[in-house]
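K.L.:
Sharing a structure with you now.
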Amino acid sequence: MKHDEVDAMVPRWQDSGLSSSLIAGLELSKRMSRLNMLFESAIKAELADLGLTYAEFDVLAALTRTGPPHRLKPSELSKSLYLTSGGTSNVLQRLTSSGYVERAANTGDARSRWVQLTPEGLRLANTALEASGKAHEEVLAGVPEEAVRQAADALREVLLAVGRRRFR
């Protein structure tokens, strides 16, 4: 069996008297964090070449996923991206001033407005999505597809069990 940097932590956890189930949870958490860092670093490098931050990319990608006319309410963006309303507002201001999104009146609700991709925003979003895909492929290069599929399926099970919980 091969070992990674997380395996080096396990003997200390065992010596501390932690239960095997807690150790397994710690291993899962540490490995997910490490993988997330690797993916984010690779993606951020690609996005920097496009002049985008990770948060800006997230908003553009979310709007792209909605399909034409590629629009959502700011509150829907915040909820789907797990951002605060203030964080979403800051990102939207930058994207609006860059000409990638525009705000439009919501004829169904005068209290809210739509955030919608501009044609230039859609073009950039598609370019950024391709760059993100390239980054994912680079990070996963050499990992058998079957291992990736098994890990994704196993994480789905974990997320379904814990994903709806909210913690302080």
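K.L.:
Residues that are under 24 Å from Ala42 (Cβ atoms), touching a helix residue (DSSP H, G or I) at 6+ places or on another chain (Cβ under 6 Å) and β-branched (Val, Ile, Thr): find the helices (runs of 4 or more DSSP H) completely inside segment 68-168 holding 2 or more of those.
P.N.:
On the way: elements: 74-81, 85-97, 119-140, 145-162.
Of the helices (runs of 4 or more DSSP H) lying wholly inside segment 68-168, none has at least 2 residues that are under 24 Å from Ala42 (Cβ atoms), touching a helix residue (DSSP H, G or I) at 6+ places or on another chain (Cβ under 6 Å) and β-branched (Val, Ile, Thr).
K.L.:
Considering only residues of segment 1-45 that are open to solvent by 80 Å² or more (accessible area, probe 1.4 Å) and acidic (Asp, Glu), which is modelled with the lowest pLDDT?
P.N.:
Glu5
K.L.:
OK, next. Out of all the residues in segment 48-56, is one or more within 20 Å of Ser98 (Cβ to Cβ) and touching a Phe, Trp or Tyr at 6+ places or on another chain (Cβ under 7 Å)?
P.N.:
no
K.L.:
Out of the residues in segment 77-96 meeting the condition of being under 15 Å from Arg113 (Cβ atoms), among the small types (Gly, Ala, Ser) and free of Cβ contacts under 8 Å to residues at least 12 places away in the same chain, tell me which one is least open to solvent (accessible area, probe 1.4 Å).
P.N.:
Among residues in segment 77-96 that are under 15 Å from Arg113 (Cβ atoms), among the small types (Gly, Ala, Ser) and free of Cβ contacts under 8 Å to residues at least 12 places away in the same chain, the one least open to solvent (accessible area, probe 1.4 Å) is Ser78.
K.L.:
Can Pro74 be described as modelled with pLDDT under 95, surrounded by 15 or more Cβ atoms within 10 Å (Cβ to Cβ) and not basic (Lys, Arg)?
P.N.:
yes
K.L.:
Here's another thing I want to ask about it. Out of all the residues in segment 1-30, which are of a type in the set (D, E, K, R), under 30 Å from the mean Cα position of the chain (by Cα) and part of a helix (DSSP H, G or I)?
P.N.:
Residues of segment 1-30 of a type in the set (D, E, K, R): 2, 4-5, 7, 12, 15, 27, 30.
Then drop every residue that is not under 30 Å from the mean Cα position of the chain (by Cα), which leaves 2, 4-5, 7, 27, 30.
Answer for segment 1-30, where residues must be of a type in the set (D, E, K, R), under 30 Å from the mean Cα position of the chain (by Cα) and part of a helix (DSSP H, G or I): Asp7, Glu27, Lys30.
K.L.:
Still on this model: Of everything in segment 51-67, what is outside any helix (DSSP H, G or I) and surrounded by 13 or more Cβ atoms within 10 Å (Cβ to Cβ)? Give them in sequence order.
P.N.:
Those that are outside any helix (DSSP H, G or I) and surrounded by 13 or more Cβ atoms within 10 Å (Cβ to Cβ): Leu52, Thr53, Thr66.
The values are calculated or read from the model by the stated rules, or taken from the named source; none is laboratory data. Because the structure is predicted, anything quoted here is derived from the model rather than measured. Cβ atoms come from the backbone with ideal geometry, glycine included; neighbour counts cover every protein chain shown. Protein only, heavy atoms only, side chains kept; ligands, DNA and RNA dropped before computing areas. Shrake-Rupley method; radii C 1.70, N 1.55, O 1.52, S 1.80 Å.
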